[in-house]
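The values are calculated or read from the model by the stated rules, or taken from the named source; none is laboratory data. Please read these numbers as outputs of a predicted model, since none were measured by experiment. Positions of Cβ are generated from backbone atoms using ideal geometry, with glycine treated the same way; all protein chains shown enter the neighbour counts.
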Amino acid sequence: MQKFSKKLSVIAHDTNVYLKKFFLKKNRYSYLVKPMKYSVFSGGKRFRSAIIVNTGKIFGIDYKKLIIIGAAIECVHSYSLIHDDLPAMDNDNLRRGIPTTHKKFNEFTAILAGNSLLTLAFEILSSKNLKLSPKIKNELITTLAIYSGFSGLAGGQYFDLTFENKKISKKKIIDIQNNKTGKLFAFCCECVGIIKQHNLRKRKILKKIGSDIGLLFQISDDLIDFKGNSKITGKPTKRDKKKGKPTLVNLLGYKKTLVFANKLKNKTNEKIKKYGVKSQDLLQSIDFILARKF
């Protein structure tokens with residue numbers, strides 16, 4: 001796992017380098033650039049970027065192209081965290097051990113910075129730096145737009161908030177988390193199929209792998225919230241239970257959720273192993289999810 005962590009650090013470094021270069025071209029006098037950079041460079045592991053790179057490695061896709069797409073995804077992820085932390089949503093004051101964007105600046109600045117990061121993602125995907133055909137770029141942009149919006153990430157967040165303190169089924173909880181977290185991870189795997197111009201069946205397989213990785217990641221987050229130490233996680237823990245969040249931990253309990261997570265992990269691993277020896281880094285990504293403490 002230590003060797004994998006080093007690989008993860010390299011991908012995170014390269015993603016950050018690209019983002020920093022991209023920001024250098026922006027108007028440094030725009031006030032929104034500062035809160036955007038504050039959020040996007042707040043110390044995340046760039047795990048979504050790593051999933052893109054490790055999936056792309058299976059199919060021999062150019063590393064630089066994967067890093068550029070990873071940079072776009074990290075902008076979408078950062079936007080979602082800024083908005084997720086707002087008082088109108090989860091009302092969190094800390095993220096990764098530092099004040100959340102709305103606490104560091106103010107609420108309207110956080111909202112606008114989040115909006116700007118979301119649009120920046122599409123600017124990155126459409127830029128000349130990404131050496132792909134217009135057709136492939138269009139497919140990437142369209143797919144990410146769908147997975148980020150009302151039928152994906154945003155829709156999942158809506159139901160996550162709507163169903164607080166309400167009894168709902170296991171299936172409904174999984175549906176919510178597949179949208180809230182799974183759709184962005186689905187893109188991380190499916191984008192490789194888009195680049196390779198795979199048929200819909202092959203793309204659907206990659207999408208399902210990504211979605212399951214996202215679900216596993218969200219379950220791991222919920223397990224950490226239940227038993228984690230806020231000093232280690234860098235944000236308050238045990239908040240999901242207090243808020244009555246629609247999570248599997250709140251429905252099934254810690255032990256049963258852990259059993260469910262391990263079964264999901266094994267099923268996902270079996271799908272990935274079919275891609276052969278080049279899938280090792282992606283398999284290690286799965287192991288990393290349940291091993292992490294924050």
Hey, Gln157 hits all of (1) in contact with a Lys or Arg (Cβ under 9 Å, 6 or more places away or on another chain); (2) part of a helix (DSSP H, G or I); (3) within 22 Å of His198 (Cβ to Cβ) but one; which does it fall short on?
-> (3)
Write out, first by first residue and then by second, each pair whose Cβ atoms fall under 9 Å of each other, whose residues are 6+ apart or on separate chains, and whose first residue, in the stretch 111-138, is more than 13 Å from Val40 (Cβ to Cβ) while the second is surrounded by 14 or more Cβ atoms within 10 Å (Cβ to Cβ) and basic (Lys, Arg).
-> Leu125/Lys137; Ser126/Lys137; Leu130/Lys65; Leu130/Lys137; Lys131/Lys65; Leu132/Lys65
Identify, by number, the condition in (1) more than 17 Å from Ile69 (Cβ to Cβ); (2) among the β-branched types (Val, Ile, Thr); (3) in contact with a His (Cβ under 9 Å, 6 or more places away or on another chain) that Val192 doesn't meet.
-> (1)
Qualifying residue in the stretch 59-73 (condition: at pLDDT 95 or above, crowded, with 21+ Cβ neighbours inside 10 Å, touching a helix residue (DSSP H, G or I) at 6+ places or on another chain (Cβ under 8 Å) and assigned to a loop (DSSP other than H, G, I, E, B)) | no
Hey, Lys167 hits all of (1) part of a helix (DSSP H, G or I); (2) free of Cβ contacts under 8 Å to residues at least 60 places away in the same chain but one; which does it fall short on?
-> (1)
Considering the stretch 240-294, residues that are among the hydroxyl-bearing types (Ser, Thr, Tyr) and without any contact (Cβ under 8 Å) to a residue 60 or more places away in the chain, and then whichever is surrounded by the fewest Cβ atoms within 10 Å (Cβ to Cβ), we arrive at Tyr254
Subset tally (residues that are under 18 Å from Thr101 (Cα atoms), part of a loop (DSSP other than H, G, I, E, B) and without any contact (Cβ under 8 Å) to a residue 12 or more places away in the chain) for the stretch 1-51 = 1
For the stretch 237-294, how many residues meet the condition of being among the polar types (S, T, N, Q) and closer than 24 Å to Ser49 by Cβ?
-> 6
Any chance Leu153 is surrounded by 22 or more Cβ atoms within 10 Å (Cβ to Cβ) and not hydroxyl-bearing (Ser, Thr, Tyr) | yes
Kindly check whether there is at least one residue in the stretch 77-95 that is assigned to a loop (DSSP other than H, G, I, E, B), of a type in the set (Gly, Ala, Ser) and surrounded by fewer than 16 Cβ atoms within 10 Å (Cβ to Cβ).
-> yes
Can you tell me which residue among Ile176, Ile209, Ile272 is in contact with a Pro (Cβ under 9 Å, 6 or more places away or on another chain) and modelled with pLDDT of 95 or more?
-> Ile176
